[in-house]
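Before any comments, here is the structure.
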Amino acid sequence: FAREIMLIECHIAGTSYRDVKAIEPSLLPGAFLALKREPQNPHDALAIMIFDESGHHLGYVPRAKNEALARLMDAGKLLFGRLESKEWVGDWLRVDTRLYLRDF
């Protein structure tokens with residue numbers, strides 16, 4: 001049997017660099033978020049991209065919180081997120097998430 005272990009809560013970094021206005025209405029609390037490592041990222045070798053269910057790249061796990069998660073993913077562990085809340089702060093869409101490990 002599998003269980004989900006909540007690891008951290010964080011916002012999605014970099015949403016201001018993405019065109020999220022068009023997809024914002026479809027970002028609903030509880031929505032699944034896919035995580036993908038990006039080891040070739042020129043700014044952060046531990047970068048973890050965050051995608052919505054439709055495959056839109058929303059941003060990243062914040063650098064200050066990605067090291068342990070990246071190491072788990074590099075070891076083959078399945079991590080994913082769930083959207084908790086969203087809020088427009090000026091022109092910035094703040095998206096808060098919970099990130100989980102699926103343990104088998």
Query raised in the report: When Lys21 is evaluated against the numbered criteria (1) open to solvent by 20 Å² or more (accessible area, probe 1.4 Å); (2) under 13 Å from the mean Cα position of the chain (by Cα); (3) not aliphatic (A, V, I, L, M), which criterion, by number, is the only one it fails?
Result: (2)
**Report entry** The one condition in (1) in contact with a Pro (Cβ under 8 Å, 6 or more places away or on another chain); (2) open to solvent by 80 Å² or more (accessible area, probe 1.4 Å) that His43 fails to fulfil
**Finding:** (1)
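Being farther than 16 Å from Gly81 by Cα and not charged (D, E, K, R) is the filter here, so list the residues in segment 27-43 that pass it. Show your work before the answer.
Let us first name the residues in segment 27-43 that are farther than 16 Å from Gly81 by Cα, namely 38-43.
Residues satisfying the conditions are Pro39, Gln40, Asn41, Pro42, His43.
Within segment 10-58, how many residues are of a type in the set (Gly, Ala, Ser) and touching a helix residue (DSSP H, G or I) at 6+ places or on another chain (Cβ under 9 Å)? Quick ask: steps written out before the conclusion?
Pass one, segment 10-58, residues of a type in the set (Gly, Ala, Ser): 13-14, 16, 22, 26, 30-31, 34, 45, 47, 54-55.
If we keep only those that are touching a helix residue (DSSP H, G or I) at 6+ places or on another chain (Cβ under 9 Å) as well, we get 13, 45, 47, 54.
Total meeting the criteria: 4.
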**Report entry** Residue count, segment 58-78 (criterion: closer than 24 Å to Ser16 by Cα and open to solvent by less than 70 Å² (accessible area, probe 1.4 Å))
**Finding:** 8
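The values are calculated or read from the model by the stated rules, or taken from the named source; none is laboratory data. Keep in mind that what you see is a predicted model, and the values were worked out from it rather than measured. So basically every Cβ, Gly included, is an ideal-geometry build from the backbone, and we count neighbours across all protein chains shown. All accessible areas refer to the heavy atoms of the entire protein, side chains included, with ligands and DNA or RNA removed. Shrake-Rupley method; radii C 1.70, N 1.55, O 1.52, S 1.80 Å.
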